[in-house]
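Read-outs: derived from the displayed coordinates by stated rules, not from any lab. In this text, all values refer to a predicted model and were calculated from it rather than measured experimentally. Counting neighbours? That spans all protein chains shown, and the Cβs are built from the backbone with ideal geometry, glycine included.
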Amino acid sequence: MLAYMNKTSLTKTLETGETWFWSRSRGELWHKGATSGHTQQVKEIRYDCDGDALLIEVIQKGAACHTGEKSCFYNDLYTTEKNEGRAQILQDLYGIIEDRKANPKEGSYTNYLFDKGMDKILKKVGEETAEVIIAAKNPAKEELIYETSDLLYHLLVLLKEKEVPLEDIFQELQSRHG
């Protein structure tokens, strides 16, 4: 989402660890999620080279947009094939896993793994790794695709449990690429 901040709202954000903005139309501070419950827990705040814009990374509880969308930026104007990359699904899935960790849902398998802890998560990563190896020995690709998908999911759960952002993995892969 994109919102306006002033010194007061930034100070309030830093004090509370949740986002606060300044409504220019109403002339007042507003706490994101105060009425909807869709709050934003601040993970990191960065400012640009000119010092006139902030980028706030948050753990979003519920939807960020008043329309119910995950982000206010859900309307495509222009995308290239490269930007539409299939890897986006990994980011989307990681976002769902982050949300489950921050906002547990009853009956969620992801929350079951988090509740059981690191040993259970590592056991599942090990099991899924073995299943990928076995599937790779078979001539049909379908089982390998299925088991690799399971492994990737469990690796994302492990990354979240260890608080390793998916972006760090992308950066490491990029550094090896070129």
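Miscellaneous remarks
- Filter on K116/K162; K7/K32; K124/K160; K43/K116; K120/K162 - keep pairs with C-alpha separation over 18 Å: K43/K116
- For segment 7-60, the relative contact order is 24 percent, taking Cα pairs closer than 8 Å that sit 6 or more residues apart in sequence and dividing their mean separation by the residue count.
- Span-like helix ranges in the chain, DSSP H, alpha carbon extent 27 angstrom or more, Kyte mean at least -1.0: 118-137, 141-161
- Across Y146, Y78, Y47, mean-square fluctuation computed from a Gaussian network of the chain (C-alpha pairs under 10 Å connected) peaks at Y78.
- Length-normalised contact order for the chain - Cα pairs under 8 Å, 6+ apart - percent: 12
- When the inverse distances between all different Cα atoms of segment 7-60 are averaged and flipped, the Kirkwood radius reads 11.7 angstrom.
- Among Q41, T148, Y112 the positive-end extreme of the charge dipole of the chain (Cβ point charges): Q41
- In order along segment 32-42, the Karplus-derived 3J(HN,Hα) couplings, from 6.51 cos²θ - 1.76 cosθ + 1.60 at θ = phi - 60°, round to 4, x, 4, 9, 8, x, 8, 7, 10, 7, 6 Hz, and Gly and Pro are given as x.
- Relative contact order for segment 87-176, counting Cα pairs under 8 Å that sit 6 or more residues apart, in percent: 31
- Average projected area [Cα convex hull, the chain], square nanometres: 14.4
- Dipole in debye (nearest 20) - the chain, about Cα centre, beta carbon charges: Lys, Arg +1; Asp, Glu -1: 420
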